[in-house]
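The block underneath contains the structure these notes are about, expressed in structure tokens.
The values are calculated or read from the model by the stated rules, or taken from the named source; none is laboratory data. Bear in mind the structure is a predicted one, so any value in this text is a computation, not a measurement. Cβ coordinates were reconstructed from backbone atoms using ideal geometry, including for glycine residues, and neighbour counts include every protein chain displayed. Heavy atoms of the whole protein, side chains included, go into the accessibility calculation; ligands, DNA and RNA do not. Shrake-Rupley method; radii C 1.70, N 1.55, O 1.52, S 1.80 Å.
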Amino acid sequence: MWIDVVTIFLRMVEGSLADGIVQRARDRGVVELRVHDLRDHTEDRHRTVDDAPFGGGPGMVMKPEPFFRVVEAIRADAPAAREAVVLLTPRGRRFDQEAARRLAGLDRLVLLCGRYEGIDERVADALATEEVSLGDFVLTGGEVAALAVVEATVRLLPGALGDSGSAEADSFEGQLLDWPHYTRPATWRGRSVPEVLVSGDHGRIRRWRRREALRATRERRPDLLAAARLSAEDEALVREIEDGSRAGGPGALDKTPAVIHK
Ligand code: JD8
């Protein structure tokens, strides 16, 4: 797969994608990732990428022409049959795991990052194939959102993860929150890991992990639990959780111990 990121902040993008799973995937030839300087596709001496907004008002708007020119240059270099040109913008559709799976099936992904007040709307209308948002908060540009899209997409490509992650591409991924993880020491500053995890009983460990994943999802993301496809065993584990939690006590996200009244 080819991924092409277009930005005026090359170091911000190149630096972040030169480590970890993404860099390993690049080294293995799983993904060919290029970062393009939008200013290389301007024609004036000052390499201008922005201009004042029509209609007035504060701030600057990114000009359309450099975006069109860079995408044309990318296509001329190597045409791809299945391609998406994604504009990162708070006006876009919220990015999620389903979108990552869809993008991971393409031959090429072009990510367009804007800055300032935004990008001339003709880029969204006539160049981008879709508009994507990272979430309902305000960033100062599209780069951080593009990095999130690259990470979520690349890790799904065949060969990107070691055997530790090979099962994650299946359709059950993303349905439930993870169970809690622990490592050595078994007791740390007076806090011990759950006994079951050091029991060596792999059947009990598997059931505990599944129950704790269901418990975390029920407490933190009931919307995910309602949408999840659960097995009969899962349903039984949820009933165990519900029976055990009617006694009350703090929720999972409440780090304050319950006050005991005498
Ligand atoms: C691209 C410019 C900043 C946006 C005025 C100054 C995505 N989830 C997300 N939040 N924010 C962005 C995002 C923000 C951007 C640009 C993406 C380009 N800005 C602008 C409009 C309001 N500020 C994003 N994806």
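Sequence-distant or interchain residues sharing an amide H contact under 5 Å with residue 133, placed H: which?
89, 92, 93, 94, 95
Determine the per residue accessible area of region 2-91 with all protein chains present and a 1.4 angstrom probe, expressed in square angstrom.
So region 2-91 comes to 57 Å² accessible per residue, rounded to a whole number.
Just to be sure I understand the model, the point goes 7 Å from the Cα along the line to the Cβ. What's the resulting residue 227 to residue 24 distance in nm?
About 2.9 nm, to one decimal.
Among 86, 104, 137, whose Cα lies farthest out toward the positive end of the dipole of region 86-145, if unit charges sit on the beta carbon of Lys, Arg (+1) and Asp, Glu (-1)?
Of the candidates, 104 comes out farthest on the positive side.
Report the longest stretch of the chain that contains none of the GluC sites (Glu not before Pro) sitting in a DSSP loop with at most 16 other Cβ atoms within 10 Å.
Segment 174-262 is the longest.
Once you've got the GNM for the chain with C-alpha springs shorter than 10 Å, pick whichever of 20, 200, 174 has the biggest mean-square fluctuation.
Among 20, 200, 174, the largest mean-square fluctuation in the Gaussian network model of the chain belongs to 200.
Using bins 10 angstrom wide from zero, how does P(r) for region 73-205 break down, in % of all Cα pairs?
Here the calculated profile for region 73-205 is 10, 30, 26, 17, 11, 6, 0.
Compute a Gaussian network model of the chain, connecting alpha carbons closer than 10 Å, and tell me which residue from 128, 216, 145 fluctuates the most.
216
With only alpha-carbon atoms counted, please give the Rg and Dmax of the chain, in Å.
In Å, with Rg to one decimal and Dmax whole: 23.5, 78.
If you count only protein heavy atoms with a 1.4 Å probe, what accessible area per residue comes out for region 110-153, rounded to a whole Å²?
Spelled out: the 1.4 Å probe surface of region 110-153, per residue, equals 44 Å².
Of 205, 119, 21, which has the largest mean-square fluctuation in a 10 Å C-alpha GNM of the chain?
Largest GNM mean-square fluctuation: 205.
Would you compute, from DSSP H runs of 4+ residues alone, the mean residue ellipticity of the chain at 222 nm, taking -39500 (n - 2.57) per run and dividing by the full residue count, rounded to the nearest 500?
Dividing the helical sum by the residues of the chain leaves -10500 deg cm²/dmol.
Quick query: amide H of residue 33 versus all other amide H atoms, modeled in the peptide plane; which residues come in under 5 Å with a sequence gap of 5 or more or a different chain?
Correct list: 3.
With a 1.4 Å probe and all protein chains kept in place, how much accessible area does residue 36 have, in Å² rounded to the nearest 10?
My reading of the accessible area for residue 36 is about 40 Å².
Could you look at the chain and say what percent of its accessible area is carbon and sulfur, using a 1.4 Å probe and all protein chains? Each step should come with its number before you reach the end.
Numbers: 8190 of 16150 Å².
Exposed carbon and sulfur together represent 51 percent of the surface.
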